[in-house]
Amino acid sequence: MRDDDWDDLDAGLGDVEDADGADDDLEDDDLADDDVEDEDLDDDFPLGDGTAETGAVVSCPYCGEPVEIVLDPGSGSDQEYVEDCEVCCRPWRVRVRYDRFGQADVEAIGEDD
């Protein structure tokens, strides 16, 4: 198809509407709505935009072996849960505290401590 043919086709179509009758033209107001949505996401995810730590290496309080664990910043800035050592299989508590910059302070504590 030649460029002139495309121009003729475009001229014949005019404004194209969706099946629901909505115009597909992007307005400046639509862009402003995106900014509001981004602010809402900041409220939902106060630790930022992916800069929070998502992993750490801790020493098992029982066998002393280093164990790599996965962190979930989306679970809040203060967390405590139980995880089993992948070396000796004993359970220990993991405490995670995120600061406002997304840096994690992680502790592994024996269940009997």
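Taken together, the values in this text are just the output of simple stated rules run on the coordinates, not laboratory data. Model, not experiment: these values are computed from the prediction. Positions of Cβ are backbone-derived with ideal geometry, glycine not excepted, and every protein chain shown enters the neighbour counts.
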Extension gain (nm, one decimal) between ILE109 and VAL82, 0.36 nm per residue minus Cα-Cα: 8.8 nm
Sum of side-chain charges, ASP99 neighbourhood, beta-carbon under 15 Å (Lys, Arg +1; Asp, Glu -1): -1
Computed label-point distance, nm, for sites VAL57 and ASP72 using a 7 Å Cα→Cβ extension: 2.5 nm
Ranking of VAL70, VAL87, VAL58 by count of other Cβ atoms within 10 Å, fewest first: VAL70, VAL87, VAL58
Largest-first ellipsoid semi-axes for segment 55-110, taking √(5λ) over the Cα gyration tensor eigenvalues, angstrom: 21, 10, 9
